[in-house]
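Take a look at the structure below.
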Amino acid sequence: MERAATGNREMRIVKQWPHNDWDRVWRTLHTAWITDTLKSTWYNVIHDLIPTKERLAAIRLAASNQCDRCVKADTLIHHLTGCTPSADIWKWTRSRLAAILRTDQQCIPNEWTTRPQFHLWILQRHNATVWTIAHLVWYITNEHRLSLTDYIDFLRRARWKAYKMPRRMRIVGNYLETL
């Protein structure tokens, strides 16, 4: 009640990560050239609404915060990029993003999956990067068959659909050819 009386309506995620550029994160999400299904899934990931063991243990719905596959804490970043088989998928995706961005894989942080506060100089390159990360997030959070070959097939089908769109050249150019 005190918070409502003082007018402090700051979101939980903003309080949790105060040093992020949240205006850029939300702008990246809302201007992304992806379907509404992908946007809603990425919205849930950005706002930390995915039920990881860490989140469930914090509200006492899980006995521990450890991952079922390994002994590390099951955080959202760990779920998306750190634990097998999602680590293999993220490693492959980072190599493809590095080719799109013409940089080293080490320059692409894991946090881009949960807080996309980057802005890339060439708009088509930026849109292709956002498109790729959004598809990665959707695949890892919604698919039950997490294998690299299935993920590559999923991306190829999604790219084929994107390339059939009439404004594709202006939005992403040929940057998705590296996938």
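Filtered by the rule that a residue be assigned to a loop (DSSP other than H, G, I, E, B) and surrounded by 15 or more Cβ atoms within 10 Å (Cβ to Cβ), the stretch 131-163 gives a lone residue, Leu146.
Let's see how each residue does on (1) farther than 22 Å from Arg157 by Cα; (2) at pLDDT below 90; (3) touching a helix residue (DSSP H, G or I) at 6+ places or on another chain (Cβ under 7 Å):
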{"position": "Gly7", "(1), (2), (3)": "yes, yes, no"}
{"position": "Glu10", "(1), (2), (3)": "yes, yes, no"}
{"position": "Trp22", "(1), (2), (3)": "yes, no, yes"}
{"position": "Arg27", "(1), (2), (3)": "yes, no, no"}
{"position": "Trp33", "(1), (2), (3)": "no, no, yes"}
{"position": "Val45", "(1), (2), (3)": "yes, no, yes"}
{"position": "Cys70", "(1), (2), (3)": "yes, yes, no"}
{"position": "Asp88", "(1), (2), (3)": "no, no, yes"}
{"position": "Trp112", "(1), (2), (3)": "yes, no, yes"}
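Look through the stretch 47-61, keep the residues that are free of Cβ contacts under 8 Å to residues at least 60 places away in the same chain and either touching a helix residue (DSSP H, G or I) at 6+ places or on another chain (Cβ under 9 Å) or under 18 Å from Asn142 (Cα atoms) (or both), and return whichever of them is surrounded by the fewest Cβ atoms within 10 Å (Cβ to Cβ). Checking each candidate, the answer is Leu61.
For the stretch 145-153, check the following and say yes or no: at least one residue is within 16 Å of the chain's Cα centre (by Cα), at pLDDT 95 or above, more than 19 Å from Arg27 (Cα to Cα) and of a type outside the set (A, V, I, L, M, F, W, C).
Keep residues of the stretch 145-153 that are within 16 Å of the chain's Cα centre (by Cα), which gives 146, 151.
Now drop any that are not at pLDDT 95 or above, which leaves 151.
So of that shortlist, the ones also more than 19 Å from Arg27 (Cα to Cα) come out as 151.
Still in the running and of a type outside the set (A, V, I, L, M, F, W, C): 151.
Yes.
The values are calculated or read from the model by the stated rules, or taken from the named source; none is laboratory data. These figures come from a predicted structure and were not determined experimentally. Using ideal geometry, Cβ is built from the backbone for each residue, glycine included, and neighbour counts are taken over all protein chains shown.
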